[in-house]
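Peer 1: Sharing a structure with you now.
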Amino acid sequence: MAENANIQRAIKALQASQEHAEQITASMKNLDKDTLYAGVNEVKALIEEDPQLEKVFADDLKRLRNNLRFISQASGIVKNAQNVSSATEDTVASIKRFVK
């Protein structure tokens, strides 16, 4: 069987993983897509008022939209982080129950 020190190290590492997953969940739960895209919408409004500004902002706006899209899509990470937390709890419980 596994040594007690190895078991404790595994449990500690799993708990650190769980804690980190919970931090990710907490930070991503506050994601507000309206606030995230507010700047883009304001720049678009400026361009509508003066179409010549599109030349000035085109590259930056494109880069901003691409990165915002990635962040917005990454909100699915919350569910994955919750799954990590749950699986970690189950694994720690199994170690404590079956590995001696």
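The values are calculated or read from the model by the stated rules, or taken from the named source; none is laboratory data. Bear in mind that the values here come from a model prediction, so they are computed numbers and not experimental data. Positions of Cβ are generated from backbone atoms using ideal geometry, with glycine treated the same way; all protein chains shown enter the neighbour counts. All accessible areas refer to the heavy atoms of the entire protein, side chains included, with ligands and DNA or RNA removed. Shrake-Rupley method; radii C 1.70, N 1.55, O 1.52, S 1.80 Å.
Peer 1: Can you name every residue in the stretch 18-52 that is over 25 Å from residue 88 (Cα atoms), part of a helix (DSSP H, G or I) and either among the acidic types (Asp, Glu) or open to solvent by 50 Å² or more (accessible area, probe 1.4 Å) (or both)?
Peer 2: Within the stretch 18-52, 33, 34, 35, 37, 41, 42, 44, 46, 48, 49 qualify.
Peer 1: I would also like to ask the following. Name the pairs whose Cβ atoms lie under 6 Å apart, with the first residue in the stretch 72-87 and open to solvent by 50 Å² or more (accessible area, probe 1.4 Å), the second aliphatic (A, V, I, L, M) and part of a helix (DSSP H, G or I), and 6 or more positions between them or separate chains?
Peer 2: Here the result reads 77/28; 84/21, each pair linking the stretch 72-87 to a residue that is aliphatic (A, V, I, L, M) and part of a helix (DSSP H, G or I).
Peer 1: Let me ask you something else. What are the residue pairs meeting all of these: first residue in the stretch 31-50, first residue modelled with pLDDT of 90 or more, second residue open to solvent by 80 Å² or more (accessible area, probe 1.4 Å), Cβ atoms under 8 Å, and 6 or more apart or on different chains?
Peer 2: Short answer, once both residue conditions are applied: 40/65; 47/54.
Peer 1: Pairs only if they're at least six apart or on different chains, beta carbon under 7 angstrom, first in the stretch 12-23 and hydroxyl-bearing (Ser, Thr, Tyr), second part of a helix (DSSP H, G or I) and open to solvent by less than 100 Å² (accessible area, probe 1.4 Å); list them, first residue then second.
Peer 2: 17/84; 17/88
Peer 1: Same structure, new question: So is residue 65 over 20 Å from residue 92 (Cα atoms), surrounded by 12 or more Cβ atoms within 10 Å (Cβ to Cβ), of a type in the set (Lys, Arg) and out of contact with any Cys (no Cβ under 8 Å at 6 or more places or on another chain) or not?
Peer 2: Criteria met by residue 65.
Peer 1: Same structure again: Report yes if residue 6 is open to solvent by 60 Å² or more (accessible area, probe 1.4 Å), part of a helix (DSSP H, G or I) and farther than 18 Å from residue 68 by Cα, otherwise no.
Peer 2: Taking the combined requirement at face value, the residue satisfies it.
Peer 1: From the list 56, 99, which residue is among the aliphatic types (A, V, I, L, M) and open to solvent by 90 Å² or more (accessible area, probe 1.4 Å)?
Peer 2: Exactly one of 56, 99 is among the aliphatic types (A, V, I, L, M) and open to solvent by 90 Å² or more (accessible area, probe 1.4 Å), namely 56.
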